[in-house]
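The numbers here are math on the coordinates, done by the rules we state, and not lab data. Since we're looking at a predicted model, the values are computed, not measured. For neighbour counting, all protein chains shown are included, and Cβ atoms are generated from backbone atoms with ideal geometry for every residue, glycine included.
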Amino acid sequence: MLHPPLPSRRVITLLLALVLGASTLMIPVAIGATTPSSSSTTTTSSIVTTTTIPAAAILAPGQTLLPGQELLNSAGVAFAQLTMKGDFILHNGTSIPWHSKTKKGAVSITMQRDGNLVMRNAKGKALWSTKTSGGGNRLQLDALGNLDIVSSGQLLLWRNGAVTTNTVSNLGSGQALKAGQYLVSLDGTQRAALSSTGAFFDSPTASTGSVGWVTPNAGGTELYMNPNGNLELKDAANHVLWSTLTSRYRGAQLQLLNSGVLQVVTPNNVAVWHVSQSVAPVTSSALGSKIIAIAESYDQYAKHPVAERPMGSECNPFTKLLGWGTPTYRIGSTSFACPSGTRSESWCSDFGTYLWRKAGVVSTGLTAWSYSFVEYGLLHNTFKLGSLNHPQVGDAMVFGSYNTRDPYAGYGAHVGFVAAVKGQQIAMVSGNWNEAVVLTGFFNPSSFDNGQGYPIIGYISPFVSSTATSTTSTSTTLPATTTTTYRTP
């Protein structure tokens, strides 16, 4: 049935008893009805009040529409009304572009101060919502008849029933991004969306042609934040093409930060996965294979395996080749000289630094501290937070603790290198693993630690510069040693 021509102002009769029935709700602030009209009458059955509603096009934070009330656009040809039957309907001329498809029972629809537009019944139960968030969001009916939720920063968040983005740059639990929809950072400088090929990517808003990080898989039709905590790129047949492998963190959500970092955070605001916008491409198979081939030339299966000499002294050839450490070691109060060709210090990071240098990788910033690999990854945007964050052959893997508030304040207990990947299991090669270079068997990285209770923080891909040169001669021959026992999963 066609709606009659719209006057510039409407007089709507409201049953006050309907509102009073919402005993568990806070008293709503009705749009254009902050105080009752002076014309009211009392009957034996109910109190009836007449309220005049102006032609308002905006529902501001904290304001409420009651049954029969509506928004009217500036052109006077479109309106959005919460009907007496409990359906929120958008009328545009003679058509209904969208409605909430809700049933009876709704007594209010409120633009909450948290940014979510919510319909509730008389008991305060939410019947429907836009699933948006952000202080300052408002609902508005534009001149063309679109029903929009817009952020305080003028970002379009929701239109005619579809989420377009989120003002706090979050993809909440159970929410999905479709093709053409995107997240925008709080300052508006970064955005993340599905590309035309169905890959998820992020890039600077001002340079849409400059793509930063992108999923290794394409062909997706939506990016889904599974309530189990897993961020999933899915195709039209609902197949998961790619995910963050964070399904054990129920209730997690995706965030896009002003820096361009994408991260999955738990309800306790702990980051369990992240990538930087300018993250370097995944380590090439050729470089990764080269790194591990060098590493395995020194492990327990090699012709000349490397271990400390003597055991417990931390005297090793890698520290000597880097010019680090000391020429002596101590047992109690007595000092002893390291064997020729070795120097002493805790050397897992020394082995890793030597390894990457020999493979031609930039090693600037790496030190004897294993956490320096995380700092290196932060510097070069190659750090991938999380024990299941898609490890690649040749990546460094740091065991320790990560400070989400200050990543540079973390702790490193050991650094190893991804030797192989098989499904969700990996193998590792590392120095100073029980005082030797050791290649482990396959293990589950999410439940594996360094033997002292420290889990894997994440992975660091090596950075290669076109001007990088190896600082260690590839013809260097290390002294032959004999390995001892080593820890395997």
Exercise for review: Would you mind ranking Trp158, Trp347 by Cβ crowding within 10 Å, fewest neighbours first?
Suggested key: Trp158, Trp347
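Greater than 32 Å separation of Cα atoms is the criterion. Which listed pairs, Lys131/Lys234; Lys104/Lys234; Lys125/Lys384, meet it?
Details: Lys131/Lys234 21 Å; Lys104/Lys234 35 Å; Lys125/Lys384 41 Å.
Check vs 32 Å cut-off fails for Lys104/Lys234; Lys125/Lys384.
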Check your understanding: Once you list every other residue whose beta carbon is under 12 Å from the beta carbon of Val261, what net charge do they have if Lys and Arg are +1 and Asp and Glu are -1?
Key -> 0
Point to revise | Sites Tyr408 and Phe336 - FRET efficiency at Förster radius 25 Å, r taken between beta-carbons, to 0.05 | key: 0.10
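Kirkwood hydrodynamic radius (Cα pairs, Å) of segment 169-279? Kindly include the intermediate steps, with their values, before the conclusion.
Numbers: mean 1/r = 0.0738 Å⁻¹.
For segment 169-279, inverting the mean 1/r across all distinct Cα pairs yields 13.6 Å.
Round to the nearest 0.05 the FRET efficiency obtained for Lys125 and Gln452 when R0 = 60 Å and r is the Cβ-Cβ distance.
Once the sixth-power term is evaluated, E becomes 0.75.
What does the net charge come to around Gly115 if you take all other residues with beta carbon closer than 12 Å to its beta carbon, with K and R at +1 and D and E at -1?
Working: positive: Arg113, Lys131, Arg138; negative: Asp114.
Result for the local shell: +2.
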Revision key, fill the gap. Nearest-0.05 FRET efficiency for Ala286 and Ile58 at R0 = 60 Å, using Cβ-Cβ distance, is 0.55
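How would you rank Thr83, Thr64, Thr319, Thr94, going from fewest to most other Cβ atoms within 10 Å of each one's own Cβ? Walk me through the numbers on the way to the answer.
Working: Thr83 17, Thr64 24, Thr319 27, Thr94 8.
Taking fewest neighbouring Cβ atoms as first place, the list is Thr94, Thr83, Thr64, Thr319.
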Exercise for review: Only residues of segment 418-438 count here: report those whose backbone N is under 19 Å from the spot 7 Å along Cα→Cβ of Lys303, or say none.
Suggested key: 437
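Give, as a single signed number, the net charge of other residues whose beta carbon lies under 13 Å from the beta carbon of Ala236, with Lys and Arg counted +1 and Asp and Glu -1.
Numbers: positive: Lys178, Lys234; negative: Glu222, Asp235.
Combined, the nearby Lys, Arg, Asp and Glu give 0.
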